[in-house]
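**Student:** Submitted below is the structure of interest, expressed as structure tokens.
The values are calculated or read from the model by the stated rules, or taken from the named source; none is laboratory data. Computed from a predicted model, the values in this text were never measured in an experiment. Here the Cβ positions follow ideal geometry from the backbone for every residue, glycine too, while neighbour counts run over all protein chains shown. Surface accessibility is based on the protein's heavy atoms, side chains included, excluding ligands, DNA and RNA. Shrake-Rupley method; radii C 1.70, N 1.55, O 1.52, S 1.80 Å.
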Amino acid sequence: MIGLAYCDDAGRIYFDDTYTPLADGGIVREADLDELIPAPAGTVEMMLPGRRPLTTDGVLEEDVAIAAILPAGYTRLLVPSYDADPAAPALPLFGYTFAAVVEDQLYVAAVKTDESDDWKPRLFEEGELESILDARLAADPSNRVLAQVALCSREYGCFTAQNVFLERGEAALPVSPKCNARCVGCISEQEPESGLPSPQTRIDFETTAADLARVAVHHLERVPEGIVSFGQGCEGEPLLRSVTIARAIEAIRGERDNGTINLNTNGSMPSALQRCIDAGLQAVRVSLNSFRPHAYAAYYRPIGYGLDDVLESIRIAVARGLRVSLNLLTHPGVTDDVDEIAAMDAFLDAVPVHMIQTRTLNIDPAWYFAAVGRPEQTLGMREAIARIAAHGVRVGNFTHTH
Ligand code: SF4
């Protein structure tokens, strides 16, 4: 029995299993019990202001809809359905997931898709993180990359930035203040008319190859299987600075031959990617929300490139023997649209990437559907994930060294 979880205007959460909630998978419908799991540790319940829950008995005018925000390592299968007041405030950029009650317990529409100690929530003693940052900054005071990732560690709790100071796992190497896309849900720069703050403030300067290389070499000296990654949440598109990245890679490989040099990118510039590969790039993670040109363009709003360039970059990286992951920005109703899965299948048949990270896209579902459209037919997110695995492609959520 799936019952309704909702809250009141003060945010107090209630369960009522006399109502059957409706979920949204692009098509509003009841959830299947086997699409739900008990809310995992680290789940955050979130009130959806100005939005009323939809049930099989209609809209509940007196109640407020809720959603769950999943911890890392899970992929969302359904989003909440709601009836929004015309004056309802825009929802901030989070991965809203359908939540309901089963046997008096909160359940969420999700599946576990990855595991990594490095991505478990981190708890620092009072002042502990600060002292680690200060000690390192004092050792290289002129390094602006170090100053930037210190800010990201402190202000945004960014794991890959903190890893630079904790000397573990994947370390962040931000490069570019500019971008050649205008993603509807950009986390580093939102357009004023969106009415939404971006979760992070985009860097406003061009980092140097010398600063980047010093941070990377320090990391690889201490983390034998470490990953150093250009392209982070706090910046624009790194390929716009491929000359600097190539110089940094040459400087890193001039001192260290261990670990992995990775690039997170929107894949917009195949020839710039070639330059980085020629310099010694070993792995690349290309972000996209769709394998269909119209849905890609509607979300990324690309400037001077298109989905074809992105797919060409992926082909080149696979052909050059890099470790290739796709950062698939998933959203129920889009990722599992029958035409989307057909387009993905056709691409993966021809281009065998190593891994697809099924990243939950952080955006107001109504906003996203308004941008890319609702489906006529879906196969369900579990089917979409199964199709990826059927190509022998690893499904996960994190960049792994092996
Ligand atoms: S590609 Fe990245 S930085 Fe550029 S607009 Fe999209 S999310 Fe923002």
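**Student:** Which of the residues belonging to the range 296-328 are under 19 Å from Arg359 (Cα atoms), in contact with a strand residue (DSSP E or B) (Cβ under 8 Å, 6 or more places away or on another chain) and open to solvent by 20 Å² or more (accessible area, probe 1.4 Å)?
**Tutor:** Within the range 296-328, Arg323 is the sole residue that qualifies.
**Student:** Then there is this: Can you go through Glu167, Glu225, Glu206, Glu221 and tell me which one is under 22 Å from Ala251 (Cα atoms), surrounded by fewer than 17 Cβ atoms within 10 Å (Cβ to Cβ) and within 16 Å of the ligand (Cβ to nearest atom)?
**Tutor:** After applying the criteria, what remains is Glu206.
**Student:** Could you identify the single residue in Pro197, Pro174 that is within 16 Å of the ligand (Cβ to nearest atom), crowded, with 18+ Cβ neighbours inside 10 Å and in contact (Cβ under 8 Å) with a residue 60 or more places away in the chain?
**Tutor:** None of the other options fit; the residue is Pro174.
**Student:** Among the residues of the range 228-250, what is the count of those that are over 24 Å from Gly185 (Cα atoms) and open to solvent by 40 Å² or more (accessible area, probe 1.4 Å)?
**Tutor:** Counting residues in the range 228-250 that are over 24 Å from Gly185 (Cα atoms) and open to solvent by 40 Å² or more (accessible area, probe 1.4 Å) gives 3.
**Student:** Sort out for me the helices (runs of 4 or more DSSP H) sitting completely within the range 325-402 that have 2 or more residues that are in the same structural domain as Asp24 (by TED's automatic domain parsing).
**Tutor:** none
**Student:** Okay, next question. All but one of (1) open to solvent by less than 30 Å² (accessible area, probe 1.4 Å); (2) touching a residue at least 24 places away in the same chain (Cβ under 8 Å); (3) within 16 Å of the ligand (Cβ to nearest atom) hold for Ile187; state the number of the condition that does not hold.
**Tutor:** (1)
**Student:** OK, next. Asp211 passes all but one of (1) open to solvent by 10 Å² or more (accessible area, probe 1.4 Å); (2) within 15 Å of the ligand (Cβ to nearest atom); which number fails?
**Tutor:** (2)
**Student:** Okay, moving on. What is the one condition in (1) closer than 30 Å to Asp118 by Cβ; (2) open to solvent by 50 Å² or more (accessible area, probe 1.4 Å); (3) among the aliphatic types (A, V, I, L, M) that Ala90 does not satisfy?
**Tutor:** (1)
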